[in-house]
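**Student:** Okay, here's the structure, questions in a sec.
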Amino acid sequence: MIGSLNHIAIAVPNLVEAMAKYSGPLGAKVGIPQDLVEHGVTVVFINLPNTKIELISPHGDNSPILSFLKKNPNGGIHHICYEVDCINDAISKLTKDGATILGDGLPKIGAHGNPVIFLHPKDFNGTLIELEEVKG
Ligand code: CO
């Protein structure tokens, strides 16, 4: 069901510093930060030849990544995102298989304007998985 790796997300305590590391020593092309208010994060994408890196930092006091950063003060890999053709097909298959979809279980609009869901890490070897509907 899953297709390409869309991105790997790294939670960072300071977005400006993290962007400088990627654009400076690592020499990457860093995009423009976007506030995703509904998700409680500010994100910036870095395009690599074969995938993307998403740097995420907290936006607001109820950000879901605040607890992650409390446990990992320097930041760390937060989730990986796979592409799917149809988010609703993915939801019905995963629900049937007993996987836990986070939040209310309904897709939200993600950073690329596409529907996304998140799957509980307990079901997938301790890895938080984001699925993003990308029309091929
Ligand atoms: Co993501």
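The values are calculated or read from the model by the stated rules, or taken from the named source; none is laboratory data. Only a predicted model underlies this, so the values are computations on that prediction, with no experimental measurement involved. All Cβ positions, glycine included, derive from the backbone under ideal geometry; neighbour counts span all protein chains shown. Note: accessible area is taken over every heavy atom of the protein model, side chains too, but ligands, DNA and RNA are not part of it. Shrake-Rupley method; radii C 1.70, N 1.55, O 1.52, S 1.80 Å.
**Student:** Under the Kirkwood approximation applied to all pairs of distinct alpha-carbon atoms, what is the hydrodynamic radius of the chain in Å? Intermediate results must be reported in sequence, preceding the final value.
**Tutor:** Details: mean 1/r = 0.0650 Å⁻¹.
Every distinct Cα pair counted, the radius reaches 15.4 Å.
**Student:** Let me ask another. Which one of P25, T127, C86 has its Cα pushed farthest toward the positive end of the charge dipole of the chain, where Lys and Arg give +1 and Asp and Glu give -1 at the Cβ?
**Tutor:** P25
**Student:** Okay, moving on. Relative contact order for the chain: what percent, with Cα pairs under 8 Å and sequence separation of 6 or more? Before the final figure, lay out each step's value.
**Tutor:** Working: 264 pairs, mean separation 34.6, N = 136.
Answer for the chain is 25 percent.
**Student:** Pull out the extension gain between I8 and N72, defined as 0.36 nm times the separation in residues minus the alpha carbon to alpha carbon distance; nm, one decimal. Don't jump to the answer; show the numbers that get you there.
**Tutor:** Details: separation 64, 0.36 × 64 = 23.04 nm, distance 1.67 nm.
Net length gain for the segment: 21.4 nm.
**Student:** Oh, and also: For T127 and S23, compute 0.36 nm times the residue count separating them, minus their Cα-Cα distance, and round to one decimal in nm. If you can, show how the numbers build up before the last one.
**Tutor:** Values: separation 104, 0.36 × 104 = 37.44 nm, distance 2.70 nm.
Taking 0.36 nm per residue and subtracting the Cα distance, the gain is 34.7 nm.
**Student:** At 1.4 Å probe radius, can you tell me the per residue accessible area of the stretch 73-116 in Å²?
**Tutor:** Here the per-residue accessible area is 56 Å².
**Student:** How big is the antiparallel share of DSSP beta bridges in the stretch 5-133, given as a percent to the nearest 5? List each step's numbers first, then the result.
**Tutor:** Working: 25 of 35 bridges.
Around 70 percent of the beta bridges assigned by DSSP in the stretch 5-133 are antiparallel ones.
**Student:** Note down the magnitude of the dipole of the stretch 5-133 about its Cα centre, charges +1 on Lys and Arg C-beta and -1 on Asp and Glu C-beta and zero elsewhere, to the nearest 20 debye. Spell out each step's value before the answer.
**Tutor:** Details: 9 positive and 14 negative charges, 88 e Å.
Using only the charged Cβ atoms, the result is roughly 420 debye.
**Student:** Now for a separate question. Pairing the Cα long axis of helix 87-96 with the longest principal axis of the chain, what angle in degrees results, from 0 to 90 and rounded to the nearest 10?
**Tutor:** 60 degrees
**Student:** Summing -39500 (n - 2.57) over the DSSP H runs of n ≥ 4 in the chain and dividing by its residue number, what mean residue ellipticity at 222 nm do you reach, to the nearest 500 deg cm²/dmol?
**Tutor:** Numbers: 3 runs with 25 residues, N = 136.
My calculation for the chain gives -5000 deg cm²/dmol from helical runs alone.
**Student:** Ok, one more. Calculate what fraction, in whole %, of the accessible area of the chain sits on carbon and sulfur atoms when a 1.4 Å probe is rolled over the protein chains.
**Tutor:** 55 percent
**Student:** Taking a 27 Å limit on the Cα-Cα distance, which of the listed pairs K96/K122; K21/K135; K71/K93 fall beyond it? Intermediate results must be reported in sequence, preceding the final value.
**Tutor:** On the way: K96/K122 16 Å; K21/K135 32 Å; K71/K93 32 Å.
Violating the 27 Å limit, Cα to Cα: K21/K135; K71/K93.
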